[in-house]
Amino acid sequence: MVLKIRDLAIHPPLALAPMVGLSHSALRTLLVQLGGVGLLFSEMLSAKRLPSENETISPGLIRVPLESPLFYQIYASESSTIEAAVDKLVELDAQGVDLNLGCPAPQLKKIGAGRFLLDRPGELVNVLRRLRKAVRLPVSVKIRIGDQPDRTRLLQTCRFLEDEGVDLITIHARLAGDKFCRRPRWELLDGLPDRLNVPVLANGGIFSVEDARRCLECTGAAGLMIGRGVVRWPWLISDIARELYCCQSPLAQYSREGLYFAFIDLLKQRFPQERRLGRLKQFTHYFASAHDFGHLLASRVQSSSSLEQAAERAGEFFRQAA
Ligand SMILES: Cc1cc2nc3c(=O)[nH]c(=O)nc-3n(C[C@H](O)[C@H](O)[C@H](O)COP(=O)(O)O)c2cc1C
């Protein structure tokens with residue numbers, strides 16, 4: 001199945017979620033190498049700071065050409081920041097621009113961005129209109145269900161977004177106040193995609209091919225966006241692509257150990273020394289949770305003071321686990 005958004009064809013309709021500290025060049029490259037991912041997202045980037053960032057050193061902007069198609073996600077609190085931010089993203093060969101309207105983090109609350117921009121309808125309209133006008137590329141948004149389990153309100157929000165020219169809507173199937181450990185509320189999306197003119201990606205709580213199948217059945221979404229699941233099992237998207245979309249993605253050729261070290265190599269290729277260990281620790285937090293006795297891997301890597309030490313300790317862990 002091909003998802004067509006403006007001039008862009010996405011196949012299969014499976015996307016890597018934007019995740020701060022995780023959805024960077026090394027993880028994106030790994031996923032492209034494993035196959036099956038149809039769309040990549042960057043972590044959220046400040047629209048205000050983007051124009052002055054240097055893409056050769058800024059961790060959120062480092063990228064190689066094979067990471068494509070890539071939508072850069074921005075968060076914005078003032079519409080006046082949009083044009084310069086979008087110019088920068090076009091310069092970086094963005095295939096699309098995503099606006100974060102879902103993140104409930106306190107840093108975004110302070111500036112009225114992310115989920116809190118929805119509470120400022122005047123400024124939200126300005127942001128969306130300036131975004132739509134500034135770029136011919138696909139414009140997408142990522143939202144949560146809302147503050148309450150209110151399907152009518154959710155439909156109204158989505159219709160408002162499509163009327164403002166948005167080309168794709170991703171819905172993280174949790175309420176604004178729901179913790180990530182809570183079961184996602186896929187049932188609240190049921191029937192919604194059929195009532196919209198733009199495609200919807202469903203997001204939240206997909207950790208297996210079976211979850212993917214059930215989420216698609218339950219929501220009727222045009223595709224899926226997956227976050228933590230691909231950090232735990234980096235070949236998850238490749239498996240879903242093969243099982244649900246008949247893609248030719250290869251069966252995983254890596255062991256978990258091989259994959260972990262392939263990721264470390266990519267960190268070394270993409271990031272300067274001082275940026276590598278923090279990203280390995282963040283990745284390991286999720287990757288280790290899918291492993292028997294993974295807490296041992298996580299704690300050894302968390303307490304490492306260099307990438308080399310972390311790699312050595314991880315090597316020991318995998319030898320003991322074998
Ligand atoms: C560490 C982390 C960082 C995240 N950063 C972002 C972000 O930058 N932008 C965003 O829209 N959502 C962000 N999210 C939310 C994810 O995109 C996604 O909606 C959420 O993890 C639920 O999907 P999942 O169950 O597949 O992980 C983040 C989630 C995690 C765990």
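Every number here is computed from the coordinates shown, using simple stated rules; none is lab data. A quick note: this is a predicted structure, and the numbers were derived from the prediction, not measured. Here Cβ is always computed from backbone atoms with ideal geometry, including for glycine, and neighbour counts include all displayed protein chains.
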How tilted is helix 307-321 with respect to the longest principal axis of the chain? Cα atoms for both, answer in degrees (0 to 90, nearest 10).
70
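So in the range 3-245, what percent of DSSP beta bridges are antiparallel if you round to the nearest 5? Each step should come with its number before you reach the end.
Numbers: 3 of 33 bridges.
Beta bridges within the range 3-245, antiparallel portion: roughly 10 percent.
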Could you rank the peptides 113-119, 309-315 by their average count of other C-beta atoms within 10 Å per residue, with the highest value first?
113-119, 309-315
Long-range amide H contacts for ILE226: which residues qualify at under 5 Å (H placed 1.01 Å from N, peptide plane, sequence gap of 5 or more or a different chain)?
ALA15, LEU16, ALA17
Using the alpha carbon gyration tensor of the range 130-273, what are the three equivalent-ellipsoid semi-axes (square root of 5 times each eigenvalue), largest first, in whole Å?
30, 19, 16
If one compares the long axis through the Cα atoms of helix 209-219 with the longest principal axis of the Cα atoms of the chain, the angle in degrees, nearest 10, works out at 10
The range 205-251 and the range 137-196 have their Cα centres apart by a whole-number Å value of 19
Could I have the simple spin-label model distance between HIS11 and ALA262, label points 7 Å from Cα toward Cβ, reported in nm to one decimal?
2.4
Of ILE82, ILE111, ILE226, the most mobile residue in a GNM of the chain (C-alpha springs, cutoff 10 Å) is ILE111
Taking neighbour Cβ counts within 10 Å as the exposure measure, how do MET19, MET44, MET1 sort from fewest upward?
MET1, MET19, MET44
If you average the sequence gap of Cα pairs under 8 Å that are 6 or more apart and divide by the length of the chain, what percent do you get for the contact order?
16
Where Rh denotes the Kirkwood radius from the mean inverse Cα pair distance, what is Rg over Rh for the range 40-113?
0.95
When ranked by the protection proxy of mean other Cβ atoms within 10 Å per residue, highest first, what sequence do the peptides 69-76, 191-198, 274-281 form?
69-76, 274-281, 191-198
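As a check on your grasp of the helix formula, calculate [θ] at 222 nm for the chain: sum -39500 (n - 2.57) over DSSP H runs of n ≥ 4, divide by the residue count, round to the nearest 500.
Working: 12 runs with 133 residues, N = 322.
After summing the helix terms and dividing by residue count, I get -12500 deg cm²/dmol.
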Could you tell me how far the Cα centroid of the range 36-77 sits from the Cα centroid of the range 12-32, in Å?
11
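With a Förster radius of 22 Å, plug the Cβ-Cβ distance of ASN197 and GLU243 into 1/(1 + (r/R0)^6) and report the FRET value to the nearest 0.05. Let's see the in-between values first.
Values: r = 29 Å, r/R0 = 1.33.
Efficiency, rounded to the nearest 0.05: 0.15.
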Eight or more residues apart or on different chains, and alpha-carbon atoms under 24 Å: count the Lys pairs in the range 3-245 matching that.
15
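Starting from 0.36 nm per residue, how many nanometres of slack lie between LYS109 and VAL20 once their C-alpha separation is accounted for? Numbers along the way, then the final one.
Numbers: separation 89, 0.36 × 89 = 32.04 nm, distance 1.65 nm.
The span from LYS109 to VAL20 would gain 30.4 nm if fully extended.
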Distant-in-sequence amide H partners of LEU99 (H built 1.01 Å from N, under 5 Å)
ILE74, SER140, VAL141, LYS142
Quick check: pseudo-label points 7 Å beyond the Cα along Cα→Cβ at ARG214 and SER58, how many nm apart are they?
4.0
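For the chain, what Kirkwood radius comes out of the mean inverse Cα-Cα distance, in Å? The partial results should precede the final answer.
Values: mean 1/r = 0.0499 Å⁻¹.
Kirkwood hydrodynamic radius for the chain: 20.0 Å.
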Output needed: percent of Cα pairs per 10 Å distance bin for the range 256-321, bins running from 0 to the one holding the longest distance.
23, 62, 15, 0
Taking θ = phi - 60°, what integer Hz values does the Karplus form 6.51 cos²θ - 1.76 cosθ + 1.60 yield along the range 164-175, in sequence order, with x for Gly and Pro?
8, x, 6, 9, 7, 10, 9, 10, 7, 6, 9, 6
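For HIS295 and ARG182 in the same chain, what is the full-extension length gain: residue separation times 0.36 nm, less their Cα-Cα distance, in nm? All intermediate terms of the calculation are to be shown ahead of the outcome.
Values: separation 113, 0.36 × 113 = 40.68 nm, distance 2.12 nm.
Value of the extension gain: 38.6 nm.
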To the nearest 10 degrees, how steeply does helix 273-287 sit against the main Cα axis of the chain, on a 0 to 90 scale?
80
Subtracting the Cα-Cα distance from 0.36 nm times the residue separation, let me have the gained length for SER306 to ASP93 in nm, one decimal.
73.3 nm
